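A.B. asks: First the structure, which I've put down as structure tokens, then a few questions once you've had a look.
The values are calculated or read from the model by the stated rules, or taken from the named source; none is laboratory data. Remember, it's a predicted structure, so these values are computed and weren't measured experimentally. Backbone-built Cβ (ideal geometry, glycine too); neighbour counts: all protein chains shown. These accessible areas exclude ligands, DNA and RNA; they are computed on the full protein's heavy atoms, side chains included. Shrake-Rupley method; radii C 1.70, N 1.55, O 1.52, S 1.80 Å.
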Amino acid sequence: MSTEKTMTLQEKIIQFLVVVIIAAVITAAGNILDGKHAFGPSLVGCFVLAGIAFAGAVLSYLPGFKKLPMVFWVSILGVILSIPGVPGSDWITKQAAEVTFLATTTPVLAYAGLSLGKDLGAFKQLSWRIVPVALAVAAGTFVCAALVAQVVLHWEGVI
Amino acid sequence: MGLLKNWKIHLLCLLITLVAEGIGIQKFGIVVFLPLLYSLVIGLVISIPKLKIVTEEQMVAATDYLNISIMILMTKIGLGIGPNLHIIMNSGWALILQELGHFFGTIVLGLPIALLVGMRREAVGACYSIDREANVAIIIDRYGFHSPEGRGVMGMYICGTLFGAMWISVLAGMIAQLGWFHPIALAMGAGIGSASMMAAATGSIVAVHPEFEREIMAMAGAANLLTSVVGVYFSLFVSLPIMERLYGFCARVLRHDSEEVR
């Protein structure tokens, strides 16, 4: 459930911009708590990430680009801008390296957690049977893929 | 349009992030707890409707903010792929073939457990894929919302939303600590196709193998991209037909009512 469907394109883009800036500041604040990073460089790194994310989001709203999800366009833009030799890629990857991967996950899952209360009612109506099945399904996709990867990487001589 | 009317959600997010990062990574035996796990759990507790701290409307807004802030994370992952393209190219076959593990792993582990707890046709919807939004749409479209398959897929969707990331974070940390798999193989396994579950799994693997952080992020990102692009088509054209036949076979063996064996 989301309010997105009732918003105009312009409202969606403005909302994205405002929220991505707030999220960047929160990420930078969390990033310094490992004691290894300073706030200034962290903030620059987070704004670089937020800027690319915003550009990818705008791209995903363009006609013809909507066939694939926003996650795809944002990721692809990140990939292209980090390929050595692409103008600016050195500077971008250097700034982004100031922000740890784990620091980018914490605020995202805080927002996720804050949204979950509304799903508790639906969960209480489910049969208990779905819980072990759900755990097995999620474990299965992770473990089976890791298993296949382990075997094939060995064949390929990568590991 | 009151862009900052949900300032309370942002403020709570900031406070939760600071508390979670302040606690930091904790290891107990083979279990690894990450800040992302604390922030998810603290957020969930705060949003319990009985506590009346956040309103239903603010929770809906939090979903929007989740979908926006996760793009910062996806950018971070994407930026890790470019400099490591050579490793990804060298692992081409592994990357392609491990997708079969992602797509069939849900059935391989899910279906036996579903049959064990006595689930009937609900199992078709619950186990045919990881059951995120697009997969839910496929089942609802084919069987209808009120069908057993529809109940199965919705149940799995709700469970995945509620504790998918928590479960996969703890599980990936334990499996990484066991040392059975190379960190790069684990990273590919983390490319589940759901951004929050991928982040949770990748975070735990990085916490256990920090010396491989770059490679882990690049591989998890590449695998996740592949899963999310190919996954919907694969689940529609391959996984669902196979799931149907497999369930039909199991139902005959277990002598379920004939009406259930379509």
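A.B. asks: Please label the shape of region B:87-254 as rounded, prolate or oblate, based on the square roots a ≥ b ≥ c of the eigenvalues of the alpha-carbon gyration tensor (a/c under 1.5 means rounded; beyond that, a/b larger than b/c means prolate, else oblate). Spell out each step's value before the answer.
C.D. replies: Working: a/c = 2.01, a/b = 1.82, b/c = 1.10.
Cα axes put region B:87-254 in the prolate bin.
A.B. asks: Normalised radius of gyration for region B:205-259, please: alpha carbon Rg relative to 2.2 N^0.38 Å, two decimal places. Walk me through the numbers before you get to the answer.
C.D. replies: Numbers: Rg = 19.0 Å, N = 55, 2.2 N^0.38 = 10.1 Å.
That ratio works out to 1.88.
A.B. asks: Relative to the present Cα-Cα distance, how much length would full extension add between residue A:34 and residue A:90 at 0.36 nm per residue of separation? It would help to have the intermediate numbers written out before the result.
C.D. replies: On the way: separation 56, 0.36 × 56 = 20.16 nm, distance 2.48 nm.
Full extension from residue A:34 to residue A:90 adds 17.7 nm.
A.B. asks: Still on this structure, please answer the following. Rounded to whole Å, give me the distance from the Cα center of region B:203-243 to that of region A:76-97.
C.D. replies: Taking the Cα centre of region A:76-97 as reference, the centre of region B:203-243 is 22 Å away.
A.B. asks: So what is the 222 nm mean residue ellipticity for chain B from helices alone, if each DSSP H run of at least 4 adds -39500 (n - 2.57) and you divide by all residues, rounding to the nearest 500 deg cm²/dmol? Write down the numbers at each step before the final one.
C.D. replies: On the way: 13 runs with 187 residues, N = 262.
Taken over chain B, the calculation gives -23000 deg cm²/dmol.
A.B. asks: Between exposed chymotrypsin sites (Phe, Trp or Tyr not before Pro) in chain B, where DSSP calls loop and at most 13 other Cβ atoms lie within 10 Å, what's the longest gap?
C.D. replies: Working: sites that count: B:145, B:180.
Looking at chain B, B:1-144 is the longest stretch - no exposed chymotrypsin sites (Phe, Trp or Tyr not before Pro) with at most 13 other Cβ atoms within 10 Å.
A.B. asks: So what is Rg over Rh here for chain A, counting just Cα atoms and using Kirkwood for Rh? Could the numbers behind the result be given before it?
C.D. replies: Details: Rg = 19.6 Å, Rh = 19.0 Å.
For chain A, the value is 1.03.
A.B. asks: Nothing charged except the Cβ atoms of Lys and Arg (+1) and of Asp and Glu (-1): what's the magnitude of the dipole of chain B about its Cα centre? Round to the nearest 20 debye. Each step should come with its number before you reach the end.
C.D. replies: Working: 16 positive and 17 negative charges, 61 e Å.
It comes to approximately 300 debye.
A.B. asks: I'd like the Karplus ³J(HN,Hα) series for region B:219-226: coefficients 6.51, -1.76, 1.60, θ = phi - 60°, whole numbers in Hz, and an x wherever there's a Gly or Pro.
C.D. replies: These are the phi-based 3J(HN,Hα) values: 5, 4, x, 5, 5, 5, 4, 4 Hz.
A.B. asks: Pop a pseudo-label 7 angstrom from the Cα along the beta-carbon direction at both residue A:83 and residue A:155 and give the gap in nm to one decimal.
C.D. replies: For the pair residue A:83/residue A:155, the computed spacing is 2.8 nm.
A.B. asks: Looking only at region A:127-159, which residues have a backbone nitrogen under 18 Å from a spot 7 Å from the Cα of residue B:86 in the C-beta direction?
C.D. replies: A:157-159
A.B. asks: Same structure again: Sort out for me the Cα centre separation of region B:98-134 from region B:21-50, rounded to whole Å.
C.D. replies: Cα centroid to Cα centroid, the span is 27 Å.
A.B. asks: Still on this structure: Could you tell me the convex hull volume per residue, in Å³, taken over the Cα atoms of region A:75-147?
C.D. replies: Values: hull volume 10.7 nm³, N = 73.
Dividing the Cα hull volume of region A:75-147 by its residue count gives 147 Å³.
A.B. asks: How about region B:95-162: which GluC sites (Glu not before Pro) there are in a DSSP loop, with at most 12 other Cβ atoms within 10 Å of their Cβ? Can you show the working numbers first?
C.D. replies: Working: sites: B:99, B:122, B:133, B:149; in loops: none.
In loop regions of region B:95-162 (DSSP not H, G, I, E or B), there are no sparsely surrounded GluC sites (Glu not before Pro).
A.B. asks: Just to confirm, what accessible area per residue do you get for the protein assembly as shown at 1.4 Å probe, in whole Å²? Write down the numbers at each step before the final one.
C.D. replies: Numbers: 17660 Å² over 421 residues.
About 42 Å² of surface per residue is accessible.
A.B. asks: Cβ under 13 Å from residue B:13's Cβ, residue B:13 left aside: what net charge do those residues give with Lys, Arg +1 and Asp, Glu -1? Write down the numbers at each step before the final one.
C.D. replies: Working: positive: B:8; negative: B:21, B:64.
Residues near residue B:13 contribute -1 overall.
A.B. asks: For the protein assembly as shown, what percent of Cα pairs sit more than 31 Å apart? Write down the numbers at each step before the final one.
C.D. replies: Working: 31800 of 88410 pairs.
Of all Cα-Cα pairs in the protein assembly as shown, 36 percent lie more than 31 Å apart.
A.B. asks: Of all the accessible heavy-atom surface of chain B, with the other protein chains kept in place and a 1.4 Å probe, what percent is carbon and sulfur? List each step's numbers first, then the result.
C.D. replies: Numbers: 7120 of 10590 Å².
That share works out to 67 percent.
A.B. asks: Aspartates and glutamates within cross-link reach of residue A:66: Cα-Cα under 19 Å, excluding same-chain residues under 8 positions apart?
C.D. replies: A:4, A:11, B:64, B:133
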